[in-house]
Every structure is written in C-alpha cells, then in structure tokens.
Amino acid sequence: MRKEISKDIVGKWLKAWSLSRDLPLPTQYKSGFKVDVGYETQKSRYVFTELNDDFFALAASINEPWIYLKVCASPLELKNRLPERWIIQQQGYMMECFPPMSILNVTLHENYQLEFDHYDSTSVVRIVTKDGELASVGRVVIVDDLAVYDRISTEENHKRKGLATFLMKELEKIALSQNVSNHFLVATEQGRSLYESLGWKLYSLYISIVIPSETSKIKRN
C-alpha cells in the first residue's frame with residue numbers, strides 16, 4: 001500500500017523553500033501548490049503530493065520551457081505517461097528526522113570558524129576558513145512545528161573533512177532552541193547517504209519534470 005503523503009507537511013516545506021530564497025509564498029493550485037519563482041531557468045514550480053488528474057492535465061496544458069512540475073513519486077510512475085516534451089529530472093528524496101540526529105563528538109578543525117546570519121524565519125550557518133573562504137553553508141527555516149533544512153552545500157576542496165556533519169548539528173541546535181524537533185529536507189542522491197548516516201529516514205520519493213529550451217542547459221535548484 002502506498003504511503004499517504006501529508007499535504008500539510010509538503011506545504012510547510014514549500015513555504016520554507018520560498019522563505020529561504022526570499023520568494024513569494026506558495027499559493028493553492030487545485031490539489032497542489034504553485035510558487036512564482038521568476039528565475040531564468042525556473043519561472044515557476046508546481047508541487048503535488050500525488051500523481052492525479054490535476055498533475056497530468058497541467059502537464060498536458062504547458063508548452064512553455066522552465067516551468068517545473070514536482071510530485072511525490074518515482075520516475076517509473078511517470079514513464080510513458082507524459083508528453084514527449086517533458087524531461088524527467090534526477091530522483092530526489094524527501095526525508096524526515098523526528099528524534100535528535102545521530103551526531104556524536106563532532107568538533108570543528110581549528111582552521112575553520114562559524115558565521116551566523118538570520119532573515120525572516122531563516123537562519124544561516126556558514127563555515128569559513130580563517131582567511132574568510134566559504135567552506136560550507138546551510139539554512140534552517142522554522143515553519144510552525146517543522147524545521148526545514150535547505151541549501152546545504154560544501155565546497156569541493158573542503159569535502160571529506162566532516163564539515164557537513166558539523167553544519168547539520170549547528171542547524172539542529174537552532175531548531176531545538178526554538179523547541180522544534182520535527183526536521184525535514186529534500187535530498188539529492190549524493191546527499192541522501194550523509195543524512196541517513198545522521199539518522200534521517202525517507203519520507204517520500206520526489207521527482208521533477210521540466211521542458212527545457214533547446215539552447216539552455218537545465219539548472220536544477
């Protein structure tokens with residue numbers, strides 16, 4: 001039996017996604033949500049918790065490039081069910097972590113230091129070198145009782161030094177300081193293994209489709 005995906009949770013995640021990027025908040029679109037993004041290679045995004053008539057009718061009606069349709073599903077569920085103009089993107093993973101993360105005795109090397117920033121409901125943690133070079137950065141956005149982790153990245157020449165793990169712990173501290181212990185994020189295939197090692201579990205598969213322009217490369221965000 002297919003797991004029922006909470007529209008409330010997905011809506012809170014999408015609101016956090018928008019707040020993190022200082023974009024307009026999501027609006028209701030039939031059984032899903034819409035965000036007017038306004039980027040050159042992502043004009044807008046529609047998010048659905050399930051494959052349904054609303055999703056497929058929208059896919060059939062759109063011919064314009066760089067409008068993303070996103071849904072809690074796998075690529076196999078979309079196979080042979082879309083007009084050929086749509087390109088299926090890499091598999092994503094919605095993940096949850098309701099107990100504290102499994103992080104023990106993590107320390108930051110003396111060559112690095114932390115920087116903190118905050119805007120709206122978004123807290124930013126940066127790990128920088130003593131010379132001010134950015135090594136790793138991430139955000140946590142509090143929406144009601146949900147802490148959404150977003151835009152977590154580590155620069156290539158600073159990877160495999162435990163920075164991402166330390167960063168996640170610092171972000172978790174911010175959420176817990178606000179009495180929020182329900183954690184949520186969307187991971188790539190590459191990031192999924194890190195989060196699983198910290199105690200995160202799969203909430204739902206998540207996939208995107210887009211019509212790219214012929215002269216532009218797809219920029220995933």
Taking a quarter of the surface of the convex hull around the Cα atoms of segment 66-221, what do you get in nm²? 11.1
Enter the angle in degrees (range 0 to 90, nearest 10) between the Cα long axis of helix 163-177 and the first principal axis of the Cα atoms of the chain, meaning the one along which they spread out most. 90
Counting only residues 5 or more apart in sequence or on a different chain, those whose built amide H sits under 5 Å from that of residue 155 are 136
How would you order 121-129, 75-83, 34-42 from highest to lowest mean count of nearby Cβ atoms within 10 Å? 121-129, 34-42, 75-83
Reachable lysines from residue 201, criterion Cα separation under 16 angstrom, eight or more residues apart if same chain: 3
Ordering 139-149, 186-196 by per-residue average of other C-beta atoms within 10 angstrom, highest first, gives 139-149, 186-196
Please state the relative contact order of the chain as a whole percent: Cα pairs under 8 Å, 6+ residues apart? 26
Filter the cross-link list 34/79; 30/79; 130/169; 34/173; 43/130 down to pairs whose alpha-carbon distance in this structure exceeds 29 Å. 34/173; 43/130
Taking one equal scatterer on every alpha-carbon of segment 1-149, how large is log10 of I(q)/I(0) by Debye at q = 0.14, 0.15 1/Å? -0.84, -0.93
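Readers should treat all values here as calculations from the given coordinates under stated rules, not as data from a laboratory. None of the values given here were measured: they were computed from a predicted structure. Every residue, glycine as well, gets a Cβ built from its backbone with ideal geometry; the counts of neighbours run over all protein chains shown.
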